[in-house]
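The next block holds one structure in the form of structure tokens; read it before the comments.
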Amino acid sequence: MAMTMTQKILAAHAGLDQVTAGQLIEAHLDLVLGNDVTAPPAIRVFEEAGLTEVFDKKKVALVPDHFTPNKDIQSAEHCACMRRFARRNSLDHYYEQGEPGMGVEHVILPENGLVAPGDAIIGADSHTCTYGALGAFATGVGSTDLAFAMATGKTWFRVPEAIRVNLSGELPEAVTGKDLILDLIGRIGVDGALYQSLEFSGQGVATLSMAERLTICNMAIEAGGKNGIFPVDGQTLDYIRKFAPKRYATGSYQAYEADPDAVYVKTIDLDLSTISQTVAFPHLPENTRAVGSFAPIPIDQVVIGSCTNGRLEDMRLAADWLRGRKVAKGVRLIILPGSQRVWRESLAEGLLAVFADAGAVISAPTCGPCLGGHMGILAAGERCVSTTNRNFVGRMGHPKSEVYLSGVLVACASAVLGRIAGTAELTDIT
């Protein structure tokens, strides 16, 4: 029977020749992930269940990133809990702040070579679906599921149905993958792919960078998706060669392709050339509007970074548009590189100096304001343009604040102009 990419990966990890949508399976896992919000309750469940050791110290990753550097005593205790657990179990992949490889989980795991095509990955964080950009099956779970997966290396899934997103053409200049995923969510809604796999295909895939694919898969959950996944191509393999050289050299990965007659719930055809710079208005990612289609909206803050847009490519884009310009008076611009690697490379390339000269605040790698943690909390009535992935009520602070989601370029233009704007308006602004 024909299968999609996701179904093939799940079948392989369940030891089955084939699976069908709706089937319940138990699958072996290549990687299990927790962070400083979700891992401590998982560790409590782990210990209360009488479990004593993880299934494989090389396949459990713990990343303190949401409230780090620790903002208060409670967040410090959460990280201390993780630290003790990691030491007791001699985990290979515990990424403490200040250590090599540290940063925001969904940026550092691919960068640190922990993800490759064909992997099956779960994480107690909804944006674990990011790793589908590399041709892996990756999805979020709850802390209880995380606890038992850490012990057994297995978990259960209901095999998802799939939506094929067929991409053609090429994005216009100054339009990015973030605009594409916001546009798609605006078309199908926040439950438009509920418990379904968003499988991207078509000639347009080759025109998207790996950073853009990571951004797109990161937000599959914002359409309700179980996972997002891209086919493995030359760009994917170049990425694996760079960031996971041992796995590339040994061929310890598997590139799956959907069967030509695989069954999809529906196919969405998207001509990339028709996508424009896009903003998601409060208070849902589906509330999208094209830049230029609404009256001026003054803002108080701009955030560039996070697991969605905190990669080196994003930092370079931001520097290109902020170089020689100044942040508008009364606007706070906060830039959060997604990892220590990104931070150091941005420093070496002079990008941090560009940000500082423009009037930005440069943060340590952290989730920070994305979930209303710290480093940029909003007061009542304040508006923020953010390259993060959610804009729910109170997401970034006060319930009467507003978050507008955008790509890096709209965020830069908005910071300079002091209102939500696109880069077309920056032509003669310095």
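The values are calculated or read from the model by the stated rules, or taken from the named source; none is laboratory data. It should be emphasised that the depicted structure is a prediction, and the values quoted were computed from it without experimental measurement. Because the Cβ atoms are built from the backbone with ideal geometry, glycine has one as well, and the counts that use them run over all protein chains shown. Accessible surface is based on the protein model in full, side chains and every heavy atom, while ligands, DNA and RNA are left aside. Shrake-Rupley method; radii C 1.70, N 1.55, O 1.52, S 1.80 Å.
Summary of values
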| read-out | value |
| --- | --- |
| Fluctuation leader among ARG289, ARG395, ARG87 - the chain, Gaussian network, Cα springs under 10 angstrom | ARG87 |
| GNM top mover of GLU222, GLU105, GLU77 - the chain, alpha-carbon springs below 10 Å | GLU77 |
| Carbon + sulfur, % of accessible area of the range 185-264 - ligands and nucleic acids excluded, 1.4 Å | 54 percent |
| Residue-span extension gain [ILE297 to TRP156] - 0.36 nm each, minus C-alpha spacing | 46.1 nm |
| GluC sites (Glu not before Pro) within the range 280-359: DSSP coil, no more than 14 neighbouring Cβ in 10 Å | GLU349 |
| Relative intensity, log₁₀ I(q)/I(0), of the chain from a Debye sum that treats every alpha carbon as a point, q = 0.06, 0.09, 0.13 Å⁻¹ | -0.23, -0.52, -1.12 |
| ³J(HN,Hα), Karplus 6.51/-1.76/1.60, whole Hz, each residue of the range 330-342, x for Gly, Pro | x, 10, 9, 10, 10, 10, 10, x, x, 7, 5, 4, 4 |
| Shape category assigned to the range 250-332 from the gyration tensor of Cα positions, a/c cut at 1.5 | oblate |
| 11 Å beta-carbon shell around LEU114, net charge (K/R +1, D/E -1) | -2 |
| Neighbour-limited loop hits for GluC sites (Glu not before Pro), the range 3-58 (at most 12 other Cβ within 10 Å; DSSP other than H, G, I, E, B) | GLU53 |
| Test item: Cα-centred dipole of the chain, Lys/Arg +1 and Asp/Glu -1 on Cβ, debye | 820 debye |
| Residue-normalised accessible area of the chain, given per residue in Å² at a 1.4 Å probe | 37 Å² |
| Portion, in percent, of the accessible area of the range 282-370 that falls on carbon or sulfur, probe 1.4 Å | 54 percent |
| Average projection area in nm² (convex hull over Cα atoms of the range 10-69, one quarter of hull surface) | 5.9 nm² |
| Listed pairs LYS8/LYS246; LYS59/LYS226; LYS71/LYS246; LYS71/LYS329; LYS71/LYS400 exceeding 32 Å between Cα atoms | LYS71/LYS246 |
| Relative contact order of the chain, pairs being alpha-carbon contacts under 8 Å that are 6 or more residues apart, as % | 17 percent |
| Anisotropy class of the range 139-220 from Cα gyration tensor, a/c 1.5 cut | prolate |
| DSSP beta bridge pairing in the chain, given as percent antiparallel to the nearest 5 | 20 percent |
| Structure-based [θ]222 nm, the chain - -39500 (n - 2.57) summed over DSSP H runs of at least 4, per residue, nearest 500 | -9000 deg cm²/dmol |
| Calculated FRET value between ARG44 and ARG289, using beta carbons and R₀ = 30 Å, to 0.05 | 0.10 |
| Qualifying trypsin sites (Lys or Arg not before Pro) in the range 131-193, DSSP loop, other Cβ atoms within 10 Å at most 12 | none |
| Sequence-distant residues sharing a close amide H with PHE55 (under 5 Å, placed H) | ALA151, THR152, GLY153 |
